Amino acid sequence: RHLVLVGKVAIVTGGASGIGRSVCQVLDREGAKVVIADINDKKANETLDLLKGKNHTAIHTDVSVRANVTHLFERVEQIYGTVDIVINSAGIIQTPSLFTNTSEAEFDKVISVNLKGTYLITQTAVKTMLKNENATGRTILNIASVSGKGGRRILAAYSASKGAVISFTKSVALEVALKGIRVNTILPGFTDTPMTQGTPNATRAAIIREIPMGRIAKPLEMAETIVFMCGPRSTYMIGSAVLVSGGTFL
C-alpha cells in the first residue's frame, strides 16, 4: 500500500488524547513524522508509545502562550529542519451554563486556548513554512465544531470560539493561497472523546436523538477526514469548512 505522507513532518496540537491522538495514529500509518504538541506530557508520551513508526517526538506546549509556541517550532526545526503539516486540535470545553452565568474568567480561558491558540500556532506555522520556498504539500488544518456553525445553548463561549476559528481559517486561507499553503477547517459533530465523556447520560441521549445517523462519532472517523484534507488527494481545497456531523446542522 502506498503511504501518502512519507517524509512529511506533521505537528498535532492536542495530540495527547481524543481526536488529536487518533490523528497522530493515522499520520503515523501514512508515513509522516509526528510531533505531538500538548500540555499533558504523560498523555502525550502515551500517544507516542502507540505510534508504530520511528522519528516521532512529543514537545510540551501550551498553545495559548507565545513563548511555548515559539519554542515548539524552534525545536521542530532543530530536529526535522522543516514542518509540512500543522493540525490545530488543542481545545477545551466550557462548563455548560447559560451565558449570563458564564464567568469572564472562563470565557477568557476558552477563547485563549481555542481561538488565540489556533492563531498563535497558525501564525508561527506560516512563518516557518515560508522559510522553505521550494516545499510542496504544506497545509494547516484547524479543528472547529458544529457548535461554531449553528450555536449551542449553554455553550455560548465555546461556540463563539469555534465560530471564530471558522472565519479565521477562511481569512488566512485567502492570504496564503498563492504562497503554496492550504488552510482548511473541519467541523466535528459530537465525538466520543475524553472531553465529552463527562456529559450526563440524559444530555448524551438527547444529543444522539438529534443526530440523523443515530450515534456519536468515533475519533478515528474525524482523524481519517482530517488526514485526507492534509494529504495529496485534496490539493485544490482551501478555506473549506468540512462538516463531519452525522447529519446535524446540515
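Normalised by residue number, the volume inside the convex hull of the Cα atoms of the chain is 123 Å³ per residue. Using all alpha carbons of segment 65-138, what is the percent of pairwise distances in each 5 Å bin, ordered from the shortest bin to the longest? Pair shares across the bins are 3, 14, 22, 19, 13, 10, 7, 6, 4, 2, 0. Each Cα pair of segment 8-123 feeds into the Kirkwood radius, which the Stokes-Einstein equation turns, at 25 °C and 0.890 mPa s, into a diffusion coefficient of 169 µm²/s.
Roughly how far apart, in whole Å, are the Cα centres of segment 227-246 and segment 114-193? One Cα centre to the other: 12 Å. Each eigenvalue of the Cα gyration tensor of segment 79-193, multiplied by 5 and square-rooted, gives one semi-axis; in descending order these are 30, 13, 12 Å. In segment 126-223, the convex hull through the Cα atoms has an average projected area of 7.7 nm², a quarter of its surface area. A Gaussian network model of the chain, with springs between Cα atoms under 10 Å, assigns the largest mean-square fluctuation among Gly31, Gly81, Gly53 to Gly81. The alpha-carbon positions of segment 167-250 define a convex hull whose volume is 107 Å³ per residue.
Using a cut-off of 29 Å between Cα atoms, the listed pairs Lys54/Lys170; Lys33/Lys179; Lys162/Lys218; Lys131/Lys170; Lys52/Lys116 include Lys54/Lys170; Lys52/Lys116 as exceeding that distance.
Coordinate-derived values only; no laboratory data. As the structure is a prediction and not an experimental result, all values here were calculated from the model.
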